[in-house]
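The values are calculated or read from the model by the stated rules, or taken from the named source; none is laboratory data. If you're wondering where the values come from, they're calculated on a predicted model, not measured in any experiment. Counting neighbours? That spans all protein chains shown, and the Cβs are built from the backbone with ideal geometry, glycine included.
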Amino acid sequence: MNNIIGDAPLRSLYLLTIGCSVMIQIVFQSDALSAAVTCASLVEFSLPDAKITLAESYSAGQTIAGIAKAPVGLCRIAATVKPSVDSDIKFEIWIPIKGSWNGSFEQIGNGGFAGTIWTLYLANAVSRGYAAAATDDGTSGPPRGAATFLGHPDIQLDYGYRAIKVTTDNSKRIIKQLTGSSPHYSYFSGCSDGGREALMEAQRYPNDFDGIIVGSPSNDLVGLLGASYRWNMEALLSGPQTDGVPDAYIPASKLNLLSRSALSKCAGTDGGVSTDPYLNDPRACHVDAEMAGCKTGQDPLTCLTPAQVEAANKLYRGPHDSAGGLLFPGYEPGSESNAANWPEWLVGTSSTSPGNQRSLAAGFWCDQIVKKENCQLAHVNEGLENAVRKAAEIVNSTNPDLRQFEHRGGKLIQYAGWADTAIAPENGINYYRKVISVMGNVRNFYRVFMAPGMAHCYGGAGPNSFGNGTSDGPVIDADHDLLKALELWVEHGIAPDKIIATKYIDDNPEHGVAFQRPLCANPKIARYDGHGSTTDPSSFNCIADRNDTGPRDGGLQDAYR
């Protein structure tokens, strides 16, 4: 298989000169890390409203926590920050030692309602040479997650934005104390809630990071949890029942009916390959769940009943207000049956054990809005507009004015999978469009890449490994890796036009590469040239997109009006 390594002269110059800069960094590191400050002594280091609870050195290969091992020798520092009486923010920073630090800092975002520190992501960042930090957002509890908000309103501030800020500031202080120098460059990377946090950084704290990676952002958290998830659960679980099962509920065993219908109609007509088990650009596919509906005399186990057809079309359409305005986009067709999509997030294993969306919707409405443990979503009444608006002011990162981030030279790369069923992928694109409407052309600092067939943040049937989280491609360079592409843009001024994404056999790098595809910078999409190998990214060209908006994204999304 041929891998595209890049053909731009500036990119080649970068590859020729990078070795020199690395040598300079190593000399700097050796001098700085030989200073009198030791890792263990940091336990006495004073931080504002914070206490360092652990400062310990680890050798390469040594187990740190769970299955996370130190990829290189490092100093692990853990701390607790209390900006308010209620606060209990925990964070960790891992700093490579013995000449392995690259001089830069990467902060990792969280997911869901947080409550944990992602040590595997820290290990991945340190393996690349970064000093890396992450926080639990102050929701470790007990109880963990959204339930932490009950009786503790200040913790919502920590989760919303305060935890990531104190982690950034204190991590940089610790790096300077240990190494004698502040980071040369600082990067933030997160997906899902981490994508929300990433945009929060660009909006609230534009001077903190030189480059930011935004993955499938839940930045319109109120629209997502408050409108979309509730709408989806009501579509599937409300209405008449038969033998205790809602007639509208679609079991996972029937989802392939929807996927097959969409693929048979649109696969190969949207720039992709006709044999792909996903759609290349699902916005080009106009579907109606009636295509999988039962015909006269057909066994209802082999088709969708009228109630199920109606529920599926509601999921595609997304929630709207009483005036017909879009509250949050619906889901794209073609990948419904993939285990990482509708089974995981929507239908689950039964109507009494549906997908992840139900518990997250309950966490929002019960713990954040109603402030009552174990409330019933069906019994949540209207008249909560003020509470919802106040929550949005804390947790939403929907401000389209990124001029301060742009003016300080910041660069932002955003990505999502077209098959994402946790956060409808059009949400991130709608935010990008809003930024353009406010600022004009933003390609000089902000670019979006969409991965066909990819599920939430990673996984799915499509090409799904390109440095997103811990999903690395077979080559870690600016052509195959988000962070390396961002580095090249920030540090050398070379913007990415495409990223090569990899699909591994069985999604396991040890099993080898199944195929690769280019992800093109919006508004372009990758289109098959019709004659080359479908496993080779060079057989696909980035072309102007004819379908910039899709049938499941009707009108302006409420958060971006």
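Some notes on this structure:
- Any hit, the range 223-241, residues being within 19 Å of the chain's Cα centre (by Cα), closer than 29 Å to ILE108 by Cβ and of a type in the set (A, V, I, L, M, F, W, C): yes
- Listed here are the strands (runs of 3 or more DSSP E) enclosed by the range 457-561 that have at least 1 residues being at pLDDT below 95 and surrounded by fewer than 19 Cβ atoms within 10 Å (Cβ to Cβ): 540-544.
- Long-range neighbours under 8 Å by Cβ, at least six apart or interchain, first residue farther than 19 Å from ASN396 by Cα within the range 106-117, second of a type in the set (Gly, Ala, Ser) and surrounded by fewer than 22 Cβ atoms within 10 Å (Cβ to Cβ): THR116/SER140
- GLY215 being modelled with pLDDT of 95 or more, under 19 Å from the mean Cα position of the chain (by Cα) and surrounded by fewer than 24 Cβ atoms within 10 Å (Cβ to Cβ): no
- Selection status of LEU54, within 18 Å of ILE175 (Cβ to Cβ), in a helix (DSSP H, G or I) and at pLDDT 95 or above: no
- If you filter the range 142-162 down to residues that are of a type in the set (D, E, K, R) and in a helix (DSSP H, G or I), you find that the one that is surrounded by the fewest Cβ atoms within 10 Å (Cβ to Cβ) is ASP154.
- Each residue in the range 367-398 was checked for being in contact (Cβ under 8 Å) with a residue 12 or more places away in the chain, part of a helix (DSSP H, G or I) and not aliphatic (A, V, I, L, M), and 2 pass.
- Of the residues making up the range 119-133, those that are in contact with a Pro (Cβ under 9 Å, 6 or more places away or on another chain) and in a helix (DSSP H, G or I) are ALA123, ASN124, VAL126, SER127.
- No other residue among LEU377, LEU412 is over 28 Å from ARG283 (Cβ atoms) and touching a helix residue (DSSP H, G or I) at 6+ places or on another chain (Cβ under 7 Å) apart from LEU377.
- Of all the criteria given as (1) modelled with pLDDT under 95; (2) surrounded by 18 or more Cβ atoms within 10 Å (Cβ to Cβ); (3) of a type outside the set (Phe, Trp, Tyr), the one not satisfied by GLY190 is (1).
- LYS254 part of a helix (DSSP H, G or I), touching a residue at least 40 places away in the same chain (Cβ under 8 Å) and over 30 Å from ASP401 (Cα atoms): yes
- Boolean, THR116 is in a loop (DSSP other than H, G, I, E, B) and not hydrophobic (A, V, I, L, M, F, W, C): yes
- Residue in the range 277-293 that is surrounded by fewer than 20 Cβ atoms within 10 Å (Cβ to Cβ), under 25 Å from LEU519 (Cβ atoms) and among the β-branched types (Val, Ile, Thr) present: no
- Annotation note: Cβ proximity below 6 Å between a residue of the range 214-230 that is closer than 12 Å to ALA392 by Cβ and a residue that is in a helix (DSSP H, G or I) and aromatic (Phe, Trp, Tyr) (sequence gap 6+ or interchain) occurs for LEU225/PHE364; GLY226/PHE364.
- Test result for VAL380, under 24 Å from ALA292 (Cβ atoms), in contact with a Phe, Trp or Tyr (Cβ under 8 Å, 6 or more places away or on another chain) and either surrounded by 14 or more Cβ atoms within 10 Å (Cβ to Cβ) or of a type in the set (Asp, Glu) (or both): no
- Taking the conditions (1) hydrophobic (A, V, I, L, M, F, W, C); (2) surrounded by fewer than 20 Cβ atoms within 10 Å (Cβ to Cβ); (3) closer than 14 Å to ILE174 by Cα; (4) within 29 Å of the chain's Cα centre (by Cα) in turn, VAL43 satisfies each one other than (4).
- Residues that are more than 13 Å from ALA455 (Cα to Cα), part of a loop (DSSP other than H, G, I, E, B) and in contact (Cβ under 8 Å) with a residue 24 or more places away in the chain, drawn from the range 293-347: CYS303, THR305, GLY318, PRO319, ASP321, GLY324, GLY325, LEU327, PHE328, PRO329, GLY330
- Subset of the range 224-244 (residues that are at negative phi and not in a helix (DSSP H, G or I)): SER238, PRO240, GLN241, THR242
- Under the condition of being touching a residue at least 24 places away in the same chain (Cβ under 8 Å) and part of a loop (DSSP other than H, G, I, E, B), the residues counted in the range 163-211 number 11.
- Restricting attention to the range 337-396 and to residues that are under 20 Å from the mean Cα position of the chain (by Cα) and of a type in the set (Phe, Trp, Tyr), the residue that is nearest to GLY151 (Cα to Cα) turns out to be PHE364.
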